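A.B. asks: Below are the structure tokens for one structure; questions will follow.
The values are calculated or read from the model by the stated rules, or taken from the named source; none is laboratory data. These figures come from a predicted structure and were not determined experimentally. Positions of Cβ are generated from backbone atoms using ideal geometry, with glycine treated the same way; all protein chains shown enter the neighbour counts. Remember, those area values only see protein heavy atoms, side chains included, never the ligands or the DNA or RNA. Shrake-Rupley method; radii C 1.70, N 1.55, O 1.52, S 1.80 Å.
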Amino acid sequence: MKYIFLIIGLMGILAFPAEAKERATVISAEIYGYVRDQVYFDFLEKEGINMEFPYKEGQVIEFTVDLDDVTTLVLNTFIEMYLQPGDSIHVKLTYDGKRYESVEFSGTPAAVAICSAINKKEMLQRERRYKTNIPAMLVTRTDAKKFHAATVQEVKDEEKIINEVKDQIDPRVYNMAMAQIEGTLLTNLISYPYASADFHKKKLEDCLAEDYWTALDDYKLRTDEASLRNRVYMAFLLPYKDYMRRKEAHDQGKDYQPLTSLEDQYKDMAAFYKGSLQDAALFVLLYNSITSNGDFNVIEKLVKDYLKKYNKNKEYKKILNQVMQ
């Protein structure tokens, strides 16, 4: 009898996500002071459901979508939200010209909590004039060493904001939000000194902070499914591997020679990562090569090798097959 109750309990637990997936997600927005003609709703991890509406002052836009998992919604490029199946979210957005001035969320408590937290960290960046875009940093001649210190602090403060609502949101949503922060900020932390040195024709040593080579010593890569669903975090796996290879060479007093051929990069990526991280990193490498019009014959050979030896995520396979056609 004990085993029967256990099976029933497990069926109930496993059935809940399936039931959630059947519930539509309701999205609505009212916008004021906007100067453009169209309002855009872009779903980053769910292709084919992006929405576009003509703008009318104060008019409520409302629609439903069917989501199968936590998904990032971006409203008009800058308003970022994380939504799950069955959520309801209403956004009241006020602009001052092309720049949004304020945003208010209402709806499902968990969705409101995470969306408000995300906006809070966005406003923190704005108040500090912290830039996450490397080209913008280069043009404004942002000092690499000062940026390093600012980024280390930014990671701590943004993660603190998300942790304040951790108990109010689903663990998958929490992981995805943290992955977004780390994927964005840690990429800049390890990449900007090299970009700054090249762009401004400076010596690399003059752009590296004192703790550049130790900044990620205690960092553990995220391996959970929700984090690896985040596209920014997936992309971070490539510069992270290069950073660690450079660090190995630096610690041994050697010069690091970046790999130039796609075949060598592929082999090194496969050797560096294991499991789900390996699957995601190789997918990103191959996807980037395809979309940047790399050598098709080389890419085709590597895609076949990847699908045969390393691919576990069916969605990666589906995407690669689509872009290869």
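A.B. asks: Could you grab the pairs with beta carbons closer than 6 Å, sequence gap of 6+ or different chains, first residue in the range 184-207 and without any contact (Cβ under 8 Å) to a residue 60 or more places away in the chain, second one open to solvent by 40 Å² or more (accessible area, probe 1.4 Å)?
C.D. replies: Filtered contacts from the range 184-207: 184/132; 184/232; 197/204.
A.B. asks: Go through the range 164-174 and give me each residue that's surrounded by fewer than 21 Cβ atoms within 10 Å (Cβ to Cβ) and either part of a helix (DSSP H, G or I) or among the aromatic types (Phe, Trp, Tyr) (or both).
C.D. replies: 166, 167, 168, 171, 172
A.B. asks: Given the conditions (1) small (Gly, Ala, Ser); (2) under 30 Å from residue 200 (Cα atoms); (3) surrounded by 14 or more Cβ atoms within 10 Å (Cβ to Cβ); (4) touching a residue at least 24 places away in the same chain (Cβ under 8 Å), and given that residue 150 satisfies all but one, which numbered condition is not satisfied?
C.D. replies: Residue 150 satisfies all of (1) small (Gly, Ala, Ser); (2) under 30 Å from residue 200 (Cα atoms); (3) surrounded by 14 or more Cβ atoms within 10 Å (Cβ to Cβ); (4) touching a residue at least 24 places away in the same chain (Cβ under 8 Å) except (4).
A.B. asks: In the range 62-82, how many residues are part of a strand (DSSP E or B) and within 13 Å of residue 52 (Cβ to Cβ)?
C.D. replies: Going through the range 62-82 one residue at a time, the tally reaches 3.
A.B. asks: Keeping to the range 282-322, report how many residues are closer than 20 Å to residue 229 by Cα, surrounded by fewer than 13 Cβ atoms within 10 Å (Cβ to Cβ) and charged (D, E, K, R).
C.D. replies: Selection size over the range 282-322: 4.
A.B. asks: Could you list, in sequence order, the residues of the range 254-271 that are modelled with pLDDT of 95 or more and either closer than 24 Å to residue 177 by Cα or open to solvent by 50 Å² or more (accessible area, probe 1.4 Å) (or both)?
C.D. replies: Matches in the range 254-271: 263, 264, 265, 267, 271.
A.B. asks: Next question. I'm trying to understand the selection: among the residues of the range 116-147, which are open to solvent by less than 70 Å² (accessible area, probe 1.4 Å) and either touching a residue at least 60 places away in the same chain (Cβ under 8 Å) or under 12 Å from residue 193 (Cα atoms) (or both)? Reasoning before the result, please.
C.D. replies: Quick first cut of the range 116-147, residues open to solvent by less than 70 Å² (accessible area, probe 1.4 Å) only: 116-119, 121-126, 130, 132, 134, 136-138, 142-144, 147.
Once the filter is applied, which keeps residues that are open to solvent by less than 70 Å² (accessible area, probe 1.4 Å) and either touching a residue at least 60 places away in the same chain (Cβ under 8 Å) or under 12 Å from residue 193 (Cα atoms) (or both), the range 116-147 yields 117, 121, 134, 137, 138, 142, 143, 144, 147.
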